[in-house]
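Reading through the structure tokens given below for one structure.
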Amino acid sequence: MNVETKQARKNTVAGRMSNESFLTLFMIGVLVVLFGIACAIVPNFFLPQNMLNLITNNWFIIILGIGVTFLLITGNFDMSVGGVIALTGVLSVYFCQGANVSQNALANGLGLPYGLAIALALLCAMGIGAINAFFIARLKVPSIIVTLGTMMLARGIAQVITRGAQRNTSLPDVFGVVGNIAIQGTSIKISVVIMVVLVSAAFIFERMTVSGRRTYLIGANAEAARLSGITVGRHLTFLYLISALLAGITGILLASEFKAGVSSRAMGYEFDALVVSLLGGVSIAGGFGSVLGMFVGAVILSVVTTSATGLLLSPDWQFTLKGIVTFIAILAQRFALDRRKG
Amino acid sequence: MKLTDNVLEIRDLVKDFPSVRAVNNVSFDIKRNTVHCLVGENGAGKSTLIKILTGAYARSSGKILLNGEEYSPHSPKNAKEKGISTLFQELNVVDQLTVEENLTLGMEDTTFGFLRKTDKINKMVSVMNSLEPSIRPRQLVSTLSVAKKQIVEIAKAVATESDIIIMDEPTAAISESEIARLFKIVKGLREKNVTVIYISHRLDEIFELGDYVTVMRDGKHIDTKPVSEIQDRSELIRMMIGKTVFEAYTPKKDPSREIILQVRNLSNHKLNDISFEVKKGEIVGFYGLVGAGKTELARAIYGVDEYEGEILFKGEKLHPSPHKVIEAGIALVPEERRSQGLFTILTIRGNVPVMNMGKVSRNGFINASQERKVTLEYIEKLRIATSSTEKEVIKLSGGNQQKVVFSKCLFADADLLMLDEPTRGIDVGAKSEIYGIIRRLSQEGKSILIFSSELPEIMNICDSIYLLYDGNLKAALQNGYDIDSEKIIHIVTGGE
Amino acid sequence: MNAKGAKEESIQTQLERSQAVRANIKRFYIYFVLALIVIIFSVAKLGQVEMFGRGHFLSPASVINLLRTAVPIMTLSGAFTLLMISGYIDLSVGSAMSLNAVVFALMILNGFPFLPALVITLILGIAMGALNGLLVMKLRITPVIATLVTLSLFKGIALLIVPDGLSAIKGSAEKVMPPWINDYARKNVLLGMPWAFFVALAVIAILVILQRKTILGKYAAAMGGNRTAAELSGINVVKMGWLLYIIVGFFAVLAGVARASYMSLGDPLSGDGMELDNIIAVLLGGTAFSGGEGSVAKTIIGALIIMCVTTGLMTVIPAYWQTVAKGSVLLFAVVLNHLLIREKVKA
């Protein structure tokens, strides 16, 4: 064994931080700084309930962010997730509304048992994912355009089923359970727990599974991936189905929480999911990003929006803030990475 | 400005790269209004020289005089402005514009932004017409064949009064009748006050077109002569390969007779009815120069390109998809290591196990320590110069990068390896290490297909040699003491 | 010429002939689609209304209404096409339009005359376009992400300008919106069409000329078609792209002003979805997303198609079918565009 290999063994154990870890740490640093500033200038910021809310407020965006981040790593967008939430929520209501209970058409559904209803709704969500995959993986159409189209398609179907409003009557009692039950003695809803589970699973997926690794390989160099035996089209299809499924789960949880299927639910959520992914350091140039970073990004976004409310800024500041924060994040990340490369 | 006899004078030109001197004190002149050919094998230094002339590379030392004046272009655009235009293999025309629009691109006459029809356009169109009247100025370039697109580029260079047009292997992608037309045009350029630097390995073309020829070998200038003073192909070939002593090839002691790969009547857009067989443990070389079809053959077998014909591997039909081909037991080291072979933003550990993740994972979960172990194994085995498995591949030298690609393919546990230009751009030390690896693999019973345009490489290690020219398998030879390198060059440059 | 040469020549002619057929399809399909849509909506309600009578799709009142509502997209989609031809995209046009509408309405509400208000808004719009150009061309941020960021920014600013509690800049008991604000986009000037319509026609004419007869159009196509070739020919791609973004910003102002005038108010959400409409129009018109090809004229026809679909659908189906209809139209346009452009990929 030559000197270099001995050195290689040593350095492997010591481990050199990957660029993703570097950026995630960087954004955690940013979070800490912002948090500090917030505590300083925002009255009543540092309250335990506020702290908890930072993470629980955004649970639905975080779940969406999982799928969006993975797709961004491969260089693709998914803007259909907001529409899928609306669609799945509405469908879950429609499928299990009592059949023939009322004169009002909006109060009549298919009368299916709750379990079957949500299973079918999730299937429909994945149908949207399949449409995305067909256009993007098969026809190679740019993902931004396709997913904007399927976003309208999904939301549009929800609007048709609810006649532009919502469906919220003749629901079985079990409907409102999963979205509203909380952990014993706390106000933390099950949805938040589900979010934590999903993010953890996603993190394991990204770091430790072959399939997760494949995502990075495709993003880093799709041609080399193909020549290395990876079926790129199949994997992209998989990712779009997962993204749709995650949006579907979110839709069911939200519909259950509000005991209603609202066609205008989740407007703009796809944009927020994109923002938190970008804040988390994902690079659309490909091959780079992490759901952990996305989670940190979501917390950063929470800090910013909560501070804005705390400073008595009107909710209209949301858009401007999100735009500015995203822009600064993109530049800062680029700067930090360039410096690291030397 | 007095027009000198020599349009270009090259004096003691040197170009150094970190591990090799690509251009080694080259000096020669190019006379005005001639067709000046540049020949040499791969690695002879031709392309580097051309890249210096076109401003893509900066020279390390030496002088170039264009029309008697110091010439130092800092970019291809700059070179064009100074009077040297180049016809690359990647055509620089905009398909979506018309012929006329392409001719005038960047040089339009405008009034307040409005395009004006001026004499300039007519002049350019007439230049175009004198070269090839069948091209209509209003037709979209996308409707033209490759050959006609080339002519449009030539017309533009002529009309903008370039002193020199460099043509790099222009006949590689066009048909015979189109070649004849191109030659007529090239010969006519002399009357239009243009000097042509013509690079080609098809020696017949040199004799037909060239006024002068410069031969390069191993980065050095061998000779520059009027074509009329050259006796025949053999003389030219001898200048090209010189007294290269090929490392003695030792035939196998006990070659297997088991056939592992059968290719029958393989044809596609580039290849013509190719058939051959490969035995277990055999090292087969495919030799040919630019445009011969080597990469196309590798890609067809690998399932990346479409083809007609049949390929049997281990007795079973091979499915045309890289995924299935790898599963069957074939791995490819691609031609371009950075854009096709490696994930440059990832680390060595991120690259090596990629083609056989099943071995470092269980139930879909990656075993990171297994990954590291495997990576270290290959770092040791192939002597990759690195201090860590976590080094980003982009930071490695060319030779080490290639070793990573090799590791990746070796880890795939393939029974047959295809290597496309395996030692291109690699220093001598790494080269012989790689040859050692190849020989070892063959001993272990693995078959290797080498696609290369470097003759010493082929002669060095291959048991069988197939010669390719223009998509055709021209000859099959057994390597041995009586192999005639002159005859080989003769065939791959178009001879019969 | 030997036998092989003759065979090559005849293959070449066959190729050219089939290319000619395909070229013709590419030229005329869109008129066919437009005609189809018009016919469909014309016969849709023939059971209930008379042809060209009241309530019919082609009745004078309906046509005038359609064209008046089409003014913003007609004003904007030409410039949008030019940008897409160069290979770039701007997703912020909708919010830019809204912001322009808001600012313009604000000034009118506060006593500015039409022209000065317009000029100031134009300056703002040019600045917004320049910002997009900076992010995309200079800082080299992916166009989609960069313009989504500015979308957010513009929308945010528009929302902040509008006073709390009110949803738009509009007249109220204390401050009355001058009634003449309506004139530009509604008042009959000729054949029942308002000034805004004729301005839109002029804009279309200008953009068609820009695309076909000026160096701007040519360089946009060159950049989008083969960036390397364009740069080698001396084209400054960065400057060109920047200019194109500014031009989009400029026409977004005209669109916004027309919308504000039509609605007599400045609604920060009035431009929502405009970018999607533009994308559909551009796709229907056969512009390649990757750039190089495209036609302002065909995009305008595409815009008419989408307007017909939107307004036509409103007469036959309830409003809540709009979104799914639009989504389907977009996906249909994607397929159509894919079939049209496919041959380019092959070559």
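Within 10 Å of each residue's Cβ, count the other Cβ atoms and sort B:199, B:154 from fewest upward.
In order of increasing Cβ crowding within 10 Å: B:199, B:154.
Can you give the FRET efficiency to the nearest 0.05 for residue A:208 and residue A:181, using r as the Cβ-Cβ distance and R₀ = 41 Å?
Approximately 0.85, to the nearest 0.05.
In peptide C:293-301, what is the residue-averaged number of other protein chain Cβ atoms found within 10 Å of each Cβ?
Going residue by residue through C:293-301 and averaging, the value is 1.
Mind jotting down a quarter of the surface of the convex hull over the alpha carbons of the range C:1-140, in square nanometres, one decimal?
Seen from a random direction, the Cα hull of the range C:1-140 projects 16.8 nm² on average.
Can you figure out the FRET efficiency of residue B:262 with residue C:164, using R₀ = 56 Å and their beta-carbon distance, to the nearest 0.05?
Once the sixth-power term is evaluated, E becomes 0.10.
What residues of the range C:22-63 lie in the reach of a label at residue C:188, counting those whose backbone N is under 18 Å from a point 7 Å from the Cα along Cα→Cβ?
Answer for the range C:22-63: C:53-56, C:58-63.
Are there any GluC sites (Glu not before Pro) in the range B:425-480 that are in a DSSP loop and have at most 13 other Cβ atoms within 10 Å? List them by number.
Those that pass, being in a loop and sparsely packed, are B:444.
Along the Cα→Cβ direction, 7 angstrom out, place labels at residue A:51 and residue B:312. What is the inter-label distance in nm?
If labels sit at residue A:51 and residue B:312, their model points lie 7.3 nm apart.
Give the dimensionless ratio obtained when the Cα radius of gyration of the range C:256-314 is divided by 2.2 N^0.38 Å.
1.29
Can you classify the range C:211-264 as rounded, prolate or oblate using the Cα gyration tensor, where a ≥ b ≥ c are the square roots of its eigenvalues, rounded means a/c under 1.5, and otherwise it's prolate if a/b beats b/c and oblate if not?
prolate
What is the spread of the Cα atoms of the range B:215-297 along each of their three principal axes, largest first, in whole Å?
Reported extents, whole Å, longest axis first: 50, 38, 23.
Loop only per DSSP, at most 11 neighbouring Cβ atoms within 10 Å: give me the GluC sites (Glu not before Pro) in the range B:304-344, ordered by residue number.
Within the range B:304-344, the qualifying GluC sites (Glu not before Pro) (loop, at most 11 other Cβ atoms within 10 Å) are B:306.
Under the definition of Cα pairs under 8 Å and six or more residues apart, what whole-number percent is the relative contact order of chain C?
About 30 percent, as a whole number.
Extending each Cα 7 Å along its Cβ direction at residue B:413 and residue C:59, get the distance between those two points in nm, one decimal.
The modelled label-to-label distance comes out at 7.7 nm.
Using just the alpha carbons, could you tell me how many Å³ per residue the convex hull of the range C:249-347 encloses?
Per residue, the Cα convex hull of the range C:249-347 comes to 116 Å³.
What is the pair-distance distribution P(r) of the range C:144-202, computed from all Cα-Cα distances in 10 Å bins starting at 0, with each bin given as a whole percent?
Answer for the range C:144-202: a P(r) of 18, 25, 31, 24, 1 percent.
Cα extents of the protein assembly as shown along the three principal axes, largest first, in whole Å?
Sorted from largest, the Cα extents of the protein assembly as shown read 101, 74, 60 Å.
Within a 10 angstrom radius of the beta carbon, how do C:95, C:233 rank from fewest other beta carbons to most?
The fewest-first ordering by Cβ neighbours comes to C:233, C:95.
Express the Stokes-Einstein translational diffusion coefficient of the range A:10-100 in µm² s⁻¹, to the nearest whole number, given a Kirkwood radius over alpha-carbon pairs, 25 °C and a viscosity of 0.890 mPa s.
140
Plugging the Kirkwood radius over Cα pairs into Stokes-Einstein for the range A:212-306, at a temperature of 4 °C and a viscosity of 1.567 mPa s, what D comes out in µm²/s?
My calculation gives 85 µm²/s for D.
To the nearest 0.05, what FRET efficiency results for residue B:472 and residue B:277 with a Förster distance of 22 Å applied to their C-beta separation?
That pair, residue B:472 with residue B:277, gives E of 0.80.
In Å, what is the Rg of the alpha-carbon atoms in the range C:160-308, and how long is Dmax?
When restricted to Cα atoms, the range C:160-308 yields Rg and Dmax of 18.7, 62 Å.
Quick one: which of C:155-162, C:52-59 comes out on top by average Cβ neighbours within 10 Å, and what's the full order, highest first?
Result, highest mean first: C:155-162, C:52-59.
Give me the percent relative contact order of chain A, please, defined on Cα pairs under 8 angstrom at least 6 residues apart.
32
Once you keep just the Cα pairs under 8 angstrom separated by 6 or more residues, what percentage relative contact order results for chain B?
Once normalised by length, the contact order is 16 percent.
Once both labels are modelled 7 Å past Cα along the beta-carbon direction, what's the residue C:51-residue B:63 spacing in nm?
In this crude spin-label approximation the distance works out to 8.7 nm.
Could you give the longest part of chain B that holds none of the trypsin sites (Lys or Arg not before Pro) found in DSSP loops with at most 14 neighbouring Cβ atoms within 10 Å?
With a cap of 14 other Cβ atoms within 10 Å, the longest stretch comes to B:258-496.
By how many nm would the segment from residue B:130 to residue B:192 lengthen if fully extended, with 0.36 nm per residue of separation less the alpha-carbon distance?
Answer, rounded to one decimal: 21.3 nm.
All of the numbers you see were taken from the coordinates with simple rules; none came from a lab. Treat the numbers as computed from the prediction; the structure is a model and nothing was measured. With ideal geometry, Cβ positions are generated from the backbone for all residues, glycine too; neighbour counts draw on all protein chains shown.
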